[in-house]
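In what follows, a structure is listed as structure tokens, so that the remarks can point back to it.
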Amino acid sequence: DAGITQSPRHKVTETGTPVTLRCHQTENHRYMYWYRQDPGHGLRLIHYSYGVKDTDKGEVSDGYSVSRSKTEDFLLTLESATSSQTSVYFCAISDPDSWKNTEAFFGQGTRLTVV
Amino acid sequence: GQQVMQIPQYQHVQEGEDFTTYCNSSTTLSNIQWYKQRPGGHPVFLIQLVKSGEVKKQKRLTFQFGEAKKNSSLHITATQTTDVGTYFCAGPGGDDYKLSFGAGTTVTVRA
């Protein structure tokens, strides 16, 4: 498996509290992604990064922010957690050098429960 | 924006039977990728198709990319219990490499 570590792996938090999830990679890959997975919705892109300090929104970015100050770390922050943000969060990385080489490698996931 | 749709959402298969899952994109894809996620696990890359009409095989799995590069299929022959899981297709769209995933096809196998 690619060197991707997500922390924490499990978290329970209260509504209205801030939460930060961390993704750390040792592969020096340029792209990093945050997805959430919910039954019936597959993997939905929250935010992604294509370099240090270069980030962009995905399809479900409302209520989330990200930061990437180093190549190896991509942080996802829920400013004020809501129950609708209860989900499994996956970090992924890729290092595309052409349209022939865009496959992603996923972390183990973080199960977040907002009560 | 780009949308990737998969059908069916669920596939219940008798062990030994064949089945096919389909992926359709609202836009032309530069490539199409397939991933498998075992229950409780994370998605794992299976294969990537790049060329129009391309067909690739991995043992009992056959992957095809449509001529217009807007659709793809995964065909599994002689299904085994090891095939249980959710299969996702994904493709980069637009002018960057961000990946959009379909909702997945969840496969269960009856022994």
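The values are calculated or read from the model by the stated rules, or taken from the named source; none is laboratory data. Everything numeric in this text was worked out from a predicted model, so none of it was measured. Cβ sites come from the backbone with ideal geometry, for glycine too, and all protein chains shown count toward neighbours.
Looking only at segment A:96-106, residues that are without any contact (Cβ under 8 Å) to a residue 12 or more places away in the chain and closer than 18 Å to residue A:27 by Cα come to 5 in all.
What do you reckon, is residue B:87 free of Cβ contacts under 8 Å to residues at least 12 places away in the same chain, within 13 Å of chain A (Cβ to nearest Cβ) and touching a Ser or Thr at 6+ places or on another chain (Cβ under 6 Å)? Taking the combined requirement at face value, the residue does not satisfy it.
Conditions (1) at pLDDT 95 or above; (2) at positive phi; (3) of a type in the set (A, V, I, L, M, F, W, C), marked per residue:
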site: B:5; (1), (2), (3): no, no, yes
site: B:11; (1), (2), (3): yes, no, no
site: B:26; (1), (2), (3): no, no, no
site: B:36; (1), (2), (3): yes, no, no
site: B:41; (1), (2), (3): yes, no, no
site: B:65; (1), (2), (3): yes, no, yes
site: B:92; (1), (2), (3): no, no, no
site: B:95; (1), (2), (3): no, no, no
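For segment A:76-95, the criterion of a residue being under 30 Å from residue B:65 (Cα atoms), surrounded by fewer than 20 Cβ atoms within 10 Å (Cβ to Cβ) and either in contact (Cβ under 8 Å) with a residue 60 or more places away in the chain or among the acidic types (Asp, Glu) (or both) is satisfied by at least one position. In this structure, is residue B:6 within 11 Å of the chain's Cα centre (by Cα) and either buried (at least 21 other Cβ atoms within 10 Å of the Cβ) or free of Cβ contacts under 8 Å to residues at least 60 places away in the same chain (or both)? Yes; evaluated as a whole, the condition is true for this residue. If the condition is being under 14 Å from residue B:99 (Cβ atoms) and out of contact with any strand residue (DSSP E or B) (no Cβ under 8 Å at 6 or more places or on another chain), then segment B:20-37 contributes only B:27.
Could you please let me know if residue B:21 is in a strand (DSSP E or B), surrounded by 20 or more Cβ atoms within 10 Å (Cβ to Cβ) and either out of contact with any Asp or Glu (no Cβ under 7 Å at 6 or more places or on another chain) or modelled with pLDDT under 95 (or both)? In short, yes. When residue A:98 is tested against (1) more than 12 Å from every other protein chain (Cβ to nearest Cβ); (2) part of a loop (DSSP other than H, G, I, E, B); (3) among the hydroxyl-bearing types (Ser, Thr, Tyr), only condition (1) is not met.
This table checks each residue for (1) in contact with a Pro (Cβ under 7 Å, 6 or more places away or on another chain); (2) closer than 16 Å to residue A:86 by Cα; (3) at the interface with chain B (Cβ under 10 Å from one of its Cβ atoms).
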| residue | (1), (2), (3) |
| --- | --- |
| A:9 | no, yes, no |
| A:14 | no, yes, no |
| A:23 | no, no, no |
| A:27 | no, no, no |
| A:34 | no, yes, no |
| A:37 | no, yes, yes |
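The criterion of at least 1 residues that are touching an Asp or Glu at 6+ places or on another chain (Cβ under 9 Å) and over 28 Å from residue A:107 (Cβ atoms) is met, among strands (runs of 3 or more DSSP E) falling completely within segment B:25-83, by B:61-65, B:71-76. The number of residues in segment A:57-78 being within 18 Å of residue A:96 (Cα to Cα) and over 12 Å from the mean Cα position of the chain (by Cα) comes to 2. Residues that are of a type in the set (Lys, Arg) and under 13 Å from the mean Cα position of the chain (by Cα) occur at least once in segment B:57-65. Total residues in segment A:23-70 satisfying the condition of being in a strand (DSSP E or B), free of Cβ contacts under 8 Å to residues at least 12 places away in the same chain and more than 16 Å from residue B:42 (Cβ to Cβ): the figure is 2.
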